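J.: The structure is given below, and queries will be raised subsequently.
The values are calculated or read from the model by the stated rules, or taken from the named source; none is laboratory data. Predicted, not measured: the structure shown is a model, and the values here were computed from it. Note that we place each Cβ from the backbone using ideal geometry, even for glycine, and neighbour counts take in every protein chain shown. Accessible surface is based on the protein model in full, side chains and every heavy atom, while ligands, DNA and RNA are left aside. Shrake-Rupley method; radii C 1.70, N 1.55, O 1.52, S 1.80 Å.
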Amino acid sequence: QQQVKQSPQSLIVQKGGISIINCAYENTAFDYFPWYQQFPGKGPALLIAIRPDVSEKKEGRFTISFNKSAKQFSLHIMDSQPGDSATYFCAASMSNDMRFGAGTRLTVKP
Amino acid sequence: DAGVTQSPTHLIKTRGQQVTLRCSPKSGHDTVSWYQQALGQGPQFIFQYYEEEERQRGNFPDRFSGHQFPNYSSELNVNALLLGDSALYLCASSLGSGTGGTGYTFGSGTRLTVV
């Protein structure tokens with residue numbers, strides 16, 4: 001059922017560094033691309049999202065870059081902090097169906 | 001303002017049994033979507049309920065069924081449990097159906113273990 005491929009599976013970054021997570025999708029009918037952050041024992045929480053008519057969206061330290069022709073999008077976390085350590089999921093959706101990537105476990109070392 | 005509430009938090013069932021999970025949506029939301037998240041994987045869409053009807057369904061067998069009540073709360077029922085049904089079951093609420101995932105608020109989930 002997975003139509004969204006996410007990489008890397010895990011990522012270790014030093015405090016202050018840049019974390020980059022990549023996703024690729026197959027179905028061009030997807031029209032909404034959110035990123036979710038999930039801490040252990042909690043449900044996913046929306047971090048930032050983009051529509052395919054925009055190539056980049058920035059909210060604070062978080063930026064989504066979107067390449068419609070390549071069917072790829074990525075999350076950049078600037079000035080990564082230990083509190084950013086969590087699992088990040090990209091997703092792509094259309095209508096009522098949202099497909100998630102397999103997740104990236106990010107560890108930010110102090 | 002209460003968020004999405006799911007119960008129970010944890011549950012252990014025996015293979016072949018039936019289970020019912022419950023979800024109360026965020027205040028002001030009228031749509032409930034259910035997801036299954038296996039360990040180390042992303043959530044997978046089970047189905048969505050709006051106006052007490054199943055609006056869309058993912059690739060899950062008929063053993064998975066649901067219901068939505070007039071107060072917008074929802075239940076997920078799984079019959080004839082298999083070991084592979086062990087997972088975190090997430091409920092997401094939103095306002096209106098067909099919103100393409102926008103405005104979703106997730107609960108903390110129910111951890112189901114089938115032994």
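J.: Starting at the first residue of the stretch B:54-69, write each ³J(HN,Hα) from the Karplus equation 6.51 cos²θ - 1.76 cosθ + 1.60 with θ = phi - 60°, in whole Hz, x for Gly and Pro.
T.: With the stated coefficients, the stretch B:54-69 comes to 6, 9, 7, 9, x, 8, 10, x, 5, 4, 9, 9, x, 7, 10, 9 Hz.
J.: How much net charge surrounds A:Asp53 when only the other residues with a Cβ under 12 Å from the Cβ of A:Asp53 are counted, with Lys and Arg +1 and Asp and Glu -1?
T.: Taking every other residue near A:Asp53 into account, the sum is +1.
J.: For the stretch A:21-33, what does the Karplus curve 6.51 cos²θ - 1.76 cosθ + 1.60, with θ = phi - 60°, yield as ³J(HN,Hα) per residue in whole Hz, taken in order and with x for Gly and Pro?
T.: The phi angles translate into 10, 10, 9, 10, 10, 10, 8, 6, 7, 4, 9, 8, 10 Hz.
J.: Over both sides of the B-A contact, add up the buried accessible area with a 1.4 Å probe and give it to the nearest 100 Å².
T.: Heavy-atom accessible area buried at this interface is about 1800 Å².
J.: Below 13 angstrom from the Cβ of A:Thr107, what's the summed charge of the other residues (Lys, Arg +1; Asp, Glu -1)?
T.: Every neighbour counted, the sum reads +2.
J.: Can you report the principal axis dimensions of the stretch B:31-115 using only the alpha carbons, biggest first, rounded to whole angstrom?
T.: Principal axes ranked by extent give 36, 24, 21 Å for the Cα atoms.
J.: Straight-line reach only, C-alpha to C-alpha below 29 angstrom: list the lysines that A:Lys42 could link to, leaving out same-chain residues fewer than 8 apart.
T.: Cα-Cα hits under 29 Å: A:Lys5, A:Lys15, A:Lys57, A:Lys58, A:Lys109, B:Lys13, B:Lys26.
J.: What translational diffusion coefficient, in µm²/s and rounded to a whole number, does the Stokes-Einstein relation yield for the protein assembly as shown at 4 °C and a viscosity of 1.567 mPa s, taking the hydrodynamic radius as the Kirkwood radius over Cα pairs?
T.: 72 µm²/s
J.: Follow-up question, since we're still on this one. For chain A, what is the relative contact order in percent, using Cα pairs closer than 8 Å and at least 6 residues apart in sequence?
T.: 38 percent
J.: Show me, for the stretch B:88-101, the HN-Hα J-couplings you get by feeding each phi into the Karplus relation (A = 6.51, B = -1.76, C = 1.60, θ = phi - 60°), rounded to Hz, glycine and proline as x.
T.: 8, 9, 10, 10, 10, 10, 7, 9, x, 8, x, 7, x, x
J.: Between B:Thr20, B:Thr31, B:Thr105, where does the largest GNM mean-square fluctuation fall for chain B, given springs only between Cα atoms within less than 10 Å?
T.: Comparing B:Thr20, B:Thr31, B:Thr105 in the GNM, the peak value goes to B:Thr20.
J.: Over the stretch A:21-83, what portion of Cα pair distances is larger than 15 Å, expressed as a whole percent?
T.: Roughly 52 percent, rounded to a whole number.
J.: Separation of the stretch A:28-49 and the stretch A:62-110 by C-alpha centroid, Å?
T.: Each part reduced to its Cα centre gives a spacing of 7 Å.
J.: Treat each spin label as a single point 7 Å out from the Cα along the C-beta direction, and report the B:Lys13 to A:Ile18 distance in nm.
T.: With each label point 7 Å from Cα toward Cβ, the separation is 4.7 nm.
J.: Where in the stretch A:63-103 is the amide nitrogen less than 19 Å from a point lying 7 Å along the Cα-to-Cβ axis of A:Ser55?
T.: Residues passing the 19 Å test: A:63-76.
J.: While we're on this one: Name the trypsin sites (Lys or Arg not before Pro) in the stretch A:33-79 that are in a loop by DSSP and that have at most 15 other C-beta atoms within 10 Å, would you?
T.: Those satisfying the criteria are A:Lys42, A:Arg61, A:Lys68.
J.: Next up: Please report the base-10 log of the normalised intensity I(q)/I(0) for chain A, using a Debye sum with one equal scatterer per alpha carbon and no solvent, at each q in 0.11, 0.13, 0.19 (1/Å).
T.: Results for chain A at q = 0.11, 0.13, 0.19 Å⁻¹ read -0.31, -0.43, -0.92.
J.: For the stretch B:1-58, state which trypsin sites (Lys or Arg not before Pro) are in a DSSP loop and have at most 14 other beta carbons lying within 10 Å of their beta carbon.
T.: Within the stretch B:1-58, the qualifying trypsin sites (Lys or Arg not before Pro) (loop, at most 14 other Cβ atoms within 10 Å) are B:Arg15.
J.: Tally Lys and Arg at +1 and Asp and Glu at -1 over the other residues with C-beta under 12 Å from the C-beta of A:Ser65: what net charge comes out?
T.: +2
J.: Right, something else. Would you mind working out the accessible area per residue for chain B, using a 1.4 Å probe, and quoting it in Å²?
T.: 45 Å²
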